């Protein structure tokens with residue numbers, strides 16, 4: 001008898017060991033994230049963090065550049081972009097020198113570039129979220145430079161380089177400086193693999209992600225600076241996400257757990273009560289006997 | 001060499017075969033049910049050729065499980081109704097031998113039905129089921145299914161509502177067989193190489209269940 | 001004439017009262033830790049907190065089903081009805097826990113996987129587990145003779161546990177699951193995994209401990225006492241009717 005049970009126990013134990021065997025653990029390194037104002041953006045290493053409870057803002061004094069993310073209570077992306085622009089210049093309503101639309105994985109982003117003065121250029125991408133708008137701005141104040149960031153849908157989706165869009169954007173935004181570019185070099189940044197087109201008059205960078213071209217344009221031969229700034233801006237843009245609001249599901253899940261557990265406990269009381277009734281019946285029968 | 005264990009197993013198999021040869025009660029019911037089930041599935045799935053090809057291994061195993069339920073119910077009900085089981089228990093043989101005998105008998109009948117289904121389904125579904133891989137899977141799966149089936153049928157045969165209880169008891173516990181057997185059959189039909197892994201799993205589970213049944217059968221026929 | 005004492009419920013032992021209180025407080029405390037102390041997961045949002053019940057409830061079910069198989073084996077060895085009562089209580093409590101596991105998992109999957117249910121190997125094996133123990137309880141209700149019932153159910157409890165293990169074991173061999181593994185290596189295609197940080201473990205560890213030990217122990221004990229009383233009253237009822 002005991003032999004049988006011991007045999008049984010060892011069979012069960014073997015099964016338990018087999019089914020419980022899990023592999024070792026290996027965790028990826030994750031990018032540190034900043035949570036503020038109901039959204040999340042990656043923290044930019046080496047940048048001064050000027051974020052508040054409402055907005056995420058990183059500043060790099062060396063290149064006098066700022067990247068700011070905010071959710072504005074306006075449902076028109078252009079109006080929201082202009083509202084954000086008002087943080088940087090005193091002038092009233094300024095029209096963008098370029099505006100466009102692009103569909104990224106998380107929705108439609110409106111691109112707008114403002115150049116209100118010679119010493120400031122602001123590149124903005126904005127996306128509607130319900131009644132509000134997310135605005136991610138890149139502000140650069142340097143008289144000797146003009147640095148612009150934008151995203152365009154690819155004209156030919158089979159292209160692996162953003163060349164066509166770069167030419168188009170340069171013609172549109174940098175025409176006085178247009179000229180032949182030098183040797184194209186590939187650089188790997190945390191936001192992706194970029195192609196750098198250096199030139200005497202201007203420097204351009206392009207990256208293809210999905211079916212869209214991500215572009216950065218600058219006046220002058222400033223490759224390293226442009227790479228740093230473009231990488232930072234598009235890291236924020238691509239890394240931006242809003243934590244989904246699913247507290248309703250949490251409530252539903254908790255309710256399901258409580259109801260199940262409650263039914264079990266309630267059934268204990270219920271069955272105890274029916275046992276009390278049985279006891280009363282037996283007492284009655286016994287008394288009737290006497 | 002003829003040990004008492006083996007002698008007992010063979011005697012029980014011989015008894016079941018003789019009884020079946022005289023009455024043809026078990027095999028005819030199982031075979032008719034299997035035929036009907038395959039035909040019903042064939043009508044139900046006829047519209048879609050693709051679905052039919054995909055579903056064929058599922059049809060085979062669902063049919064086999066329900067056919068085995070019928071057979072097991074009858075086989076063990078006969079024993080307990082006619083007092084056979086009590087007589088067997090009085091005999092000086094081990095409970096494991098009684099189990100092995102009944103189990104072998106049931107596996108023989110269910111296996112015969114299963115193997116007979118293969119050419120039938122080849123004709124009805126236009127897929128070659130008479131392939132070595134499918135045959136081996138059918139045999140192994142039937143053996144596993146009948147091991148736990150014989151044990152549970154012995155249990156339910158001694159209760160009041162046995163016809164209703166056997167499916168409830170057997171189907172959930174048979175799911176590991178169903179999962180592996182369907183995958184192995186499907187793989188063998190498609191020529192997917194991983195079907196052997198499923199067959200090995202099926203064989204492993206079968207061995208575990210047969211060993212457990214041999215160990216535990218004594219407790220379910222205890223007075 | 002049956003004795004008066006046996007008719008009424010015996011008073012709860014002090015240890016059981018203490019255990020019940022501790023379990024209740026522990027349940028509230030782990031709920032507080034999971035809902036208010038642990039941070040919100042930035043990827044998944046608030047729904048991730050369901051995990052502090054989802055995973056522990058699975059392990060709680062495992063403990064309870066363990067009680068069923070151990071109780072069954074000891075009943076077969078010793079033929080003491082007490083072991084069978086533990087086995088029954090384990091199956092009932094375990095089924096409730098496994099249902100909680102399934103329900104919370106489905107509610108989590110809806111916003112994260114965009115579906116309530118999918119026939120993923122891991123989900124399939126959890127559903128099979130529930131079915132087997134539901135069958136255990138139905139089969140038990142269908143057997144009249146109490147000694148026969150105890151024997152049969154002890155055997156069935158062992159097979160039920162083996163089925164649970166084999167189903168889990170099959171699933172280990174099939175790596176095609178999309179269910180995330182939080183502790184240990186996550187499959188490459190897991191969807192909805194999140195980084196287990198210190199805040200998560202602070203909320204998870206007490207909850208795991210509670211569901212692994214106190215929750216099943218307390219509930220099984222209460223159910224055990226209920227069954228003891230039911231059996232005693234059943235006997236007395238037949239006696240009284242027989243007289």
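Can you pull out the residues in the range A:159-181 that are surrounded by fewer than 18 Cβ atoms within 10 Å (Cβ to Cβ), modelled with pLDDT under 80, more than 16 Å from residue A:193 (Cα to Cα) and in contact with a strand residue (DSSP E or B) (Cβ under 9 Å, 6 or more places away or on another chain)? Selection gives A:172, A:177, A:178, A:179. Residues satisfying the criterion are present in the range B:177-193 (criterion: within 16 Å of the chain's Cα centre (by Cα) and at the interface with chain C (Cβ under 8 Å from one of its Cβ atoms)). Set side by side, the residues A:217, A:250, A:237, A:229 differ, and just one is modelled with pLDDT of 85 or more and within 14 Å of chain C (Cβ to nearest Cβ), which is A:250.
Residues are listed down the side, and each one gets a yes or a no for (1) touching a residue at least 60 places away in the same chain (Cβ under 8 Å); (2) in contact with a strand residue (DSSP E or B) (Cβ under 6 Å, 6 or more places away or on another chain):
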position: C:37; (1), (2): yes, no
position: C:43; (1), (2): yes, no
position: C:48; (1), (2): yes, yes
position: C:54; (1), (2): no, no
position: C:67; (1), (2): yes, no
position: C:71; (1), (2): yes, no
position: C:74; (1), (2): no, no
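Of all residues in the range B:31-69, those being assigned to a loop (DSSP other than H, G, I, E, B) and surrounded by 12 or more Cβ atoms within 10 Å (Cβ to Cβ) number 2. Of all residues being more than 30 Å from residue C:223 (Cα to Cα) and part of a helix (DSSP H, G or I) in the range C:112-134, which is farthest from the other protein chains (Cβ to nearest Cβ)? Just the residue, please. Across the range C:112-134, the extreme among qualifying residues is C:113.
Of the residues A:41, A:31, the single one that is closer than 14 Å to residue A:232 by Cβ, within 14 Å of another protein chain (Cβ to nearest Cβ) and either at pLDDT 85 or above or part of a helix (DSSP H, G or I) (or both) is A:41. Picking from residues in the range C:130-146 that are closer than 20 Å to residue B:222 by Cβ and touching a residue at least 24 places away in the same chain (Cβ under 8 Å), the one that is surrounded by the fewest Cβ atoms within 10 Å (Cβ to Cβ) is C:146. Residues that are outside any helix (DSSP H, G or I) and either in contact with a strand residue (DSSP E or B) (Cβ under 9 Å, 6 or more places away or on another chain) or surrounded by fewer than 19 Cβ atoms within 10 Å (Cβ to Cβ) (or both) are absent from the range C:88-111. Test residue C:78 against the stated conditions and say whether it is touching a residue at least 12 places away in the same chain (Cβ under 8 Å), more than 21 Å from residue C:210 (Cα to Cα) and surrounded by fewer than 24 Cβ atoms within 10 Å (Cβ to Cβ). Spelling it out, it is not the case that residue C:78 is touching a residue at least 12 places away in the same chain (Cβ under 8 Å), more than 21 Å from residue C:210 (Cα to Cα) and surrounded by fewer than 24 Cβ atoms within 10 Å (Cβ to Cβ).
State yes or no: is residue C:48 in a loop (DSSP other than H, G, I, E, B) and within 12 Å of another protein chain (Cβ to nearest Cβ)? Criteria not met by residue C:48.
When residue C:58 is tested against the conditions (1) more than 10 Å from chain A (Cβ to nearest Cβ); (2) more than 16 Å from the chain's Cα centre (by Cα); (3) surrounded by fewer than 22 Cβ atoms within 10 Å (Cβ to Cβ), the lone failure is (2). Within the range B:197-207, the residues that satisfy the criterion of being within 9 Å of chain C (Cβ to nearest Cβ) and surrounded by fewer than 20 Cβ atoms within 10 Å (Cβ to Cβ) are B:197, B:204. Tell me yes or no: at least one residue of the range C:186-205 is surrounded by 19 or more Cβ atoms within 10 Å (Cβ to Cβ), at pLDDT 65 or above and out of contact with any strand residue (DSSP E or B) (no Cβ under 9 Å at 6 or more places or on another chain). Within the range C:186-205 (the criterion being surrounded by 19 or more Cβ atoms within 10 Å (Cβ to Cβ), at pLDDT 65 or above and out of contact with any strand residue (DSSP E or B) (no Cβ under 9 Å at 6 or more places or on another chain)), the answer is yes, since at least one residue qualifies. Looking only at the range C:84-111, count how many residues are closer than 14 Å to residue C:55 by Cα and more than 12 Å from chain A (Cβ to nearest Cβ). The qualifying residues number 0.
A count restricted to the range A:231-270 and to residues that are surrounded by 15 or more Cβ atoms within 10 Å (Cβ to Cβ) and part of a helix (DSSP H, G or I) stands at 20. If we scan the range A:215-230, do we find a residue that is in contact with a strand residue (DSSP E or B) (Cβ under 7 Å, 6 or more places away or on another chain), surrounded by fewer than 20 Cβ atoms within 10 Å (Cβ to Cβ) and closer than 29 Å to residue A:71 by Cα? Yes; the residues of the range A:215-230 include at least one that is in contact with a strand residue (DSSP E or B) (Cβ under 7 Å, 6 or more places away or on another chain), surrounded by fewer than 20 Cβ atoms within 10 Å (Cβ to Cβ) and closer than 29 Å to residue A:71 by Cα.
Per the conditions (1) more than 19 Å from residue B:155 (Cα to Cα); (2) surrounded by 13 or more Cβ atoms within 10 Å (Cβ to Cβ); (3) under 18 Å from the mean Cα position of the chain (by Cα), the sole criterion not satisfied by residue B:28 is (2). State the number of residues belonging to the range A:65-94 that are surrounded by 15 or more Cβ atoms within 10 Å (Cβ to Cβ) and in contact with a strand residue (DSSP E or B) (Cβ under 7 Å, 6 or more places away or on another chain). So the answer is 18.
Among the residues of the range C:32-45, those that are away from every other protein chain (no Cβ under 12 Å) and in contact with a helix residue (DSSP H, G or I) (Cβ under 7 Å, 6 or more places away or on another chain) comprise C:33, C:37, C:38.
Could you name every one of the strands (runs of 3 or more DSSP E) located completely within the range A:103-191 that has at least 3 residues being in contact with a helix residue (DSSP H, G or I) (Cβ under 9 Å, 6 or more places away or on another chain) and within 25 Å of residue A:241 (Cβ to Cβ)? The strands (runs of 3 or more DSSP E) meeting that bar are A:107-117, A:120-129, A:132-140, A:147-153.
The values are calculated or read from the model by the stated rules, or taken from the named source; none is laboratory data. Remember, it's a predicted structure, so these values are computed and weren't measured experimentally. Note that each Cβ is placed from the backbone with ideal geometry, even for glycine, and that neighbours are counted across all protein chains shown.
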